[in-house]
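K.L.:
Below are the structure tokens for one structure; questions will follow.
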Amino acid sequence: MLTERQKTILDLVVRRYIATAVPVGSKALIGQPGLNVSSATIRHEMASLEEAGYLIHPYTSAGRMPTEKGYRYFVEYLMEERALSIEEQRMIRHQFHQARMDLDQWLKLSAAILARSARNAALVTAPKAVRSRLKHLDLISVGESVVLLLLVFHEGSLRQEILTSAPPLEQRELSRLANELNVRLGGLTSEETRTQMASLQGFRRRVSQHLIEAMEQVDQRRASAIYHNGVTNILRQPEFAEVERVERVLGILERRTFLESLLAEVELTHGGVQVLIGGEGRWREARDCSIVLARYGVAQEAMGVLGVLGPMRMPYERCISAVRYMASLMTDLFAESYGLST
């Protein structure tokens, strides 16, 4: 248990070190709010915090800096999370409303906004269980025996295919076939469409086959997709001046296998935020970093993960607020697009 004075000193050291990246000496804390004591008293308390494992004393400096344990105590007990301002929330929502209704565009945009808001690197995984579902298809005659197949999926993405018909079909017949297939296949996944295709013949069957192939291509591409943004934000930090550390950070952002192994062990409750500091002694790849993660999506339907990656010296209050808000916003957008309830 820390005394109130020790809590105050640890809070001040963490905040000052986050802001400056310079070890904090006792003189820097004299006269700070809530700390009306002498420099000698502050030095004594800082020594006690170091002995307890919350601070470390670099041999090159007279100041101290937080340890992983110190950051953890700060996140758990000292920081005050503040929601993003109403103006910032309104601006973020406006950016999403301007983007076309396409899941890939939403994921790229969310990574860019999160990186800018948290001032660190951001990563977003596509909803793992999501499957493309047909919203609407059109068959348009573009020449004798040549037909343009337009496919619109529920998340807003659009695909085009060129088919040939023998014998040639007039536009009136193509429109009738399209309406029939929309009624029969609308809202189905590729697996469900394949089941329906067993009872289709001729040109209807060919259209269904092209639909299945298009959905499977989209689903396969999304299954391994990781969207990230803001790498330069953390590469500017002094902690990542070494090439080896840069390589570890890039590996975290680009290797889905690491994220999957990490997420398999981290309990992310829906609507909650998880903070990993220094790899928590389990993930060596992340020993130089802190990661703030949250799930988004609709439970029992499709869930993805978004988060912020940065040095342990990251502004936790800001990052946690940004991640929490973006997860909530993405959940709402996803549920609205797919007609689901959160």
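Values in this text are rule-based calculations from the coordinates and carry no lab data. Worth saying up front: this structure is predicted, and the values here are computed from it rather than measured. Positions of Cβ are backbone-derived with ideal geometry, glycine not excepted, and every protein chain shown enters the neighbour counts.
K.L.:
Let me check against my output: what whole-number percent is the relative contact order of segment 4-78, with C-alpha pairs under 8 Å and at least 6 apart? Spell out each step's value before the answer.
P.N.:
On the way: 91 pairs, mean separation 27.1, N = 75.
Relative CO of segment 4-78 lands at 36 percent.
K.L.:
Note down the nm distance, to one decimal, between modelled labels 7 Å out along Cα→Cβ at residue 180 and at residue 56.
P.N.:
7.1 nm
K.L.:
Got the relative contact order for segment 134-223 handy, in percent, Cα pairs under 8 Å and 6 or more residues apart?
P.N.:
Details: 114 pairs, mean separation 23.0, N = 90.
That works out to 26 percent.
K.L.:
A further question on this structure: Any idea what the dipole of the chain comes to, in debye rounded to 20, about its Cα centre with Lys/Arg Cβ at +1 and Asp/Glu Cβ at -1?
P.N.:
Numbers: 42 positive and 40 negative charges, 85 e Å.
Charge dipole, the chain, about its Cα centre: 400 debye, nearest 20.
K.L.:
Then there is this: Could you give the length gained by full extension between residue 89 and residue 1, i.e. 0.36 nm per residue of separation minus their alpha carbon distance, to one decimal place?
P.N.:
Details: separation 88, 0.36 × 88 = 31.68 nm, distance 3.77 nm.
Going from the current span to full extension adds 27.9 nm.
K.L.:
Based on the Kirkwood radius over alpha-carbon pairs, what is the Stokes-Einstein translational diffusion coefficient of segment 134-223 at 20 °C with 1.002 mPa s viscosity, in µm²/s? If you can, show how the numbers build up before the last one.
P.N.:
On the way: Rh = 13.2 Å.
Diffusion coefficient, whole number: 163 µm²/s.
K.L.:
Mind listing the long-range amide H neighbours of residue 157? Cut-off is under 5 Å, sequence gap 5 or more, other chains count too, H placed in the peptide plane at 1.01 Å from N.
P.N.:
Under 5 Å from the amide H of residue 157 lie the amide H atoms of 103, each far enough along the sequence or on another chain.
K.L.:
Then there's this: Project the alpha carbons of the chain onto their principal axes and report the range along each, largest first, in whole Å.
P.N.:
94, 39, 30
K.L.:
Picking from 331, 67, 257, which is most flexible by a Gaussian network model of the chain using Cα springs under 10 Å?
P.N.:
257
K.L.:
Place +1 on the Cβ of every Lys and Arg and -1 on the Cβ of every Asp and Glu in the chain, take the dipole about the Cα centre, and give the residue among 249, 147, 65 whose Cα lies farthest towards its positive end.
P.N.:
Of the candidates, 65 comes out farthest on the positive side.
K.L.:
Please find the FRET efficiency linking residue 145 to residue 104, where r is the Cβ-Cβ separation and R0 is fixed at 35 Å, and quote it to the nearest 0.05. Mind showing how you got there, number by number?
P.N.:
Values: r = 33 Å, r/R0 = 0.95.
E(calc), rounded to 0.05, equals 0.60.
K.L.:
Say a site is exposed when it is one of the GluC sites (Glu not before Pro), sits in a DSSP loop, and has at most 15 other Cβ atoms within 10 Å; what is then the longest site-free stretch of the chain? Numbers along the way, then the final one.
P.N.:
Details: sites that count: 80, 81, 144, 170, 242, 267.
By the stated rule (loop sites, at most 15 other Cβ atoms within 10 Å), 1-79.
K.L.:
What ³J(HN,Hα) values, in whole Hz, does the Karplus curve 6.51 cos²θ - 1.76 cosθ + 1.60 give for segment 104-114 when θ = phi - 60°, with x put for Gly and Pro?
P.N.:
Residue by residue, segment 104-114 yields 4, 5, 4, 5, 5, 5, 5, 5, 5, 5, 5 Hz.
K.L.:
With just the Cα atoms defining each centre, how far is segment 68-132 from segment 155-230? Give it in Å.
P.N.:
Segment 68-132 and segment 155-230 have Cα centres separated by 33 Å.
K.L.:
Further question: Using the beta-carbon distance between residue 299 and residue 38 and R0 = 56 Å, what value does 1/(1 + (r/R0)^6) give for FRET efficiency, to the nearest 0.05?
P.N.:
Details: r = 55 Å, r/R0 = 0.97.
FRET efficiency, residue 299 to residue 38: 0.55.
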